[in-house]
1. State which residue is farthest from Leu88 (Cα to Cα) when the search covers only the stretch 104-130 and only residues that are among the hydroxyl-bearing types (Ser, Thr, Tyr) and more than 23 Å from the chain's Cα centre (by Cα).
2. So which of Gly385, Gly368 ends up being out of contact with any Ser or Thr (no Cβ under 7 Å at 6 or more places or on another chain), closer than 28 Å to His225 by Cα and either among the basic types (Lys, Arg) or not in a helix (DSSP H, G or I) (or both)?
3. Out of Ser394, Ser344, I need the residue that is in the same structural domain as Asp312 (by TED's automatic domain parsing) and closer than 22 Å to Leu316 by Cα. Which one?
4. Go through the stretch 146-182 residue by residue and tally those that are surrounded by fewer than 21 Cβ atoms within 10 Å (Cβ to Cβ) and of a type in the set (Asp, Glu).
5. Could you check Ala381 against (1) of a type outside the set (Lys, Arg); (2) in contact (Cβ under 8 Å) with a residue 40 or more places away in the chain; (3) surrounded by 21 or more Cβ atoms within 10 Å (Cβ to Cβ) and say which number it fails?
6. Can you tell which of Ala387, Ala411, Ala396 is of a type in the set (A, V, I, L, M) and modelled with pLDDT under 90?
7. Assess whether Ser177 counts as being over 21 Å from Ala95 (Cβ atoms), within 22 Å of the chain's Cα centre (by Cα) and small (Gly, Ala, Ser).
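The values are calculated or read from the model by the stated rules, or taken from the named source; none is laboratory data. Keep in mind that what you see is a predicted model, and the values were worked out from it rather than measured. All Cβ positions, even for glycine, are placed from backbone atoms using ideal geometry, and neighbour counts span all protein chains on display.
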Amino acid sequence: MPRRSPLSLRVVVSALTALWMVGAGTVAGCAGPGPTSATSSSGSSGTTHPSTADPTTNTTTGGTTPDAGRSASASEVAALLTRRAEALLAGDEQAFRATVSDPRATSGRRQLDSYDAAKALGLARLEVENPTLVGDLATVVVRYRLGGLDTGDRETRLVYRVVWTGDGWAVASEGPSGPGASAPWVAMPKLRVHRTPHAVVAGTVPRASLVEYAGIVDRARPEMHRHWPGTPTRVLVLAPATAEEADALLGRPGAAGLGGVTGSGGVTGSGGATGSGGAAGSGGATGSAGSRSAVAATTEGPTGPDGRATGDRIVLDPDAYARLSTAGRDVVLTHELAHVAVRSSVPGAPATWLAEGYADHVGYARAGLRDRVLLAPLITAVREGRAPTDLPDSAALQPASGDLEVPYLAAWQAVDLIAQEYGEQALRELVEAAASTGTAADAQARTDAALETVLGSSREELTRAWRQRLETLAR
């Protein structure tokens with residue numbers, strides 16, 4: 001069964017002034033999104049579901065009223081949800097509509113929009129487990145795959161409110177339930193999809209934004225493939241327009257109430273990030289409103305039995321990512337692409353400083369700004385005696401640690417030093433050899449060992465050279 005890896009949440013913080021404030025026209029090499037070849041765009045399906053009823057009223061199909069004294073059995077609900085899943089996979093809208101209690105109500109129209117969204121995403125597999133019933137609420141585990149993107153099942157929990165219509169049981173509303181990422185067609189039923197050779201960008205932001213984000217991936221992916229040959233051919237980027245949608249996609253507590261059903265639970269990741277240039281990354285998300293305002297993007301997904309990611313999504317924050325400059329959006333999305341590339345081809349993850357430093361190494365290469373500009377906060381910290389004296393550990397790269405921009409820039413400089421001294425090929429071999437499917441301590445120990453076997457160096461030698469590099473920068 002797929003599981004969430006210890007570093008399955010990759011967060012990019014967008015606080016770097018250099019990339020937040022610099023306009024596209026003033027950043028070298030950062031042109032706006034150009035035309036892409038073989039592109040196609042689609043809405044949920046182009047179908048609209050007009051309202052003919054009071055949005056606050058959940059009437060039942062045919063004008064009948066629910067039988068308040070009748071209780072659904074687990075087998076009856078399982079049969080209903082199985083028919084619904086089969087209709088969705090078959091593209092049979094009439095059969096799907098027959099499972100909706102009132103297609104005219106707000107919750108009914110939302111379900112039909114979700115149907116269109118799932119079709120637009122290319123849903124290729126959908127399996128619904130037997131439901132757990134509490135009154136009229138049925139909670140189920142759903143496993144699914146998106147065609148051409150997922151190599152293993154993703155798992156989500158949904159809750160359905162079921163009602164008796166006189167003709168049988170039907171779904172009044174659906175929404176996310178408990179911790180874990182919601183299915184994108186449930187979180188964003190009004191989504192549109194834009195496909196290019198290397199990107200599937202789905203979201204509720206304006207179509208122009210979908211096109212821009214796909215263009216960034218298409219431009220970054222060939223270079224990323226040269227850095228990392230295992231980079232997937234196509235990457236899924238989710239671009240929600242609201243914080244509520246983002247919360248649902250990441251399994252945060254704010255997802256409660258979608259679709260007329262109250263959800264619960266949330267996700268706390270294993271790290272955090274900052275940036276003084278716009279791309280420093282992290283390994284987690286707390287889901288609080290305060291942290292959300294600083295988090296520009298998150299790479300989230302399960303891993304298979306061998307520790308490799310099988311269905312990553314890059315989720316963009318509707319506020320923080322949009323506030324970045326053109327250069328900043330490019331750097332952040334490239335940083336996340338690096339995480340997707342490594343996670344999909346390497347079992348587990350290396351020490352956090354190496355994982356995040358490598359993603360920054362790739363991302364900042366597209367910034368078009370001098371390193372000293374991007375490194376200004378770290379340089380100041382060195383001059384003031386506040387810089388780290390050892391390679392940042394996992395705790396230093398978590399949101400709870402407070403100020404993260406200096407540790408993340410420090411990790412980037414450690415990886416940049418390795419690339420300059422040993423070359424890109426050796427750096428890639430180091431990341432591969434350092435990966436561990438165990439705890440953060442296991443990953444650190446494996447990384448220390450890989451420094452010796454791959455580079456012929458040691459943690460102590462690297463730390464000395466890295467500290468000298470920081471002191472030289474501060475002069």
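1. Filtering first and then ranking leaves Thr106.
2. The unique qualifying residue is Gly368.
3. Ser344
4. 3
5. (2)
6. Ala396
7. Against the criterion (over 21 Å from Ala95 (Cβ atoms), within 22 Å of the chain's Cα centre (by Cα) and small (Gly, Ala, Ser)), Ser177 qualifies.
This table checks each residue for (1) touching a residue at least 12 places away in the same chain (Cβ under 8 Å); (2) under 17 Å from the mean Cα position of the chain (by Cα).
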residue	(1), (2)
Trp185	yes, yes
Thr196	yes, no
Ala199	yes, yes
Ala208	no, no
Glu212	yes, no
Gly215	yes, no
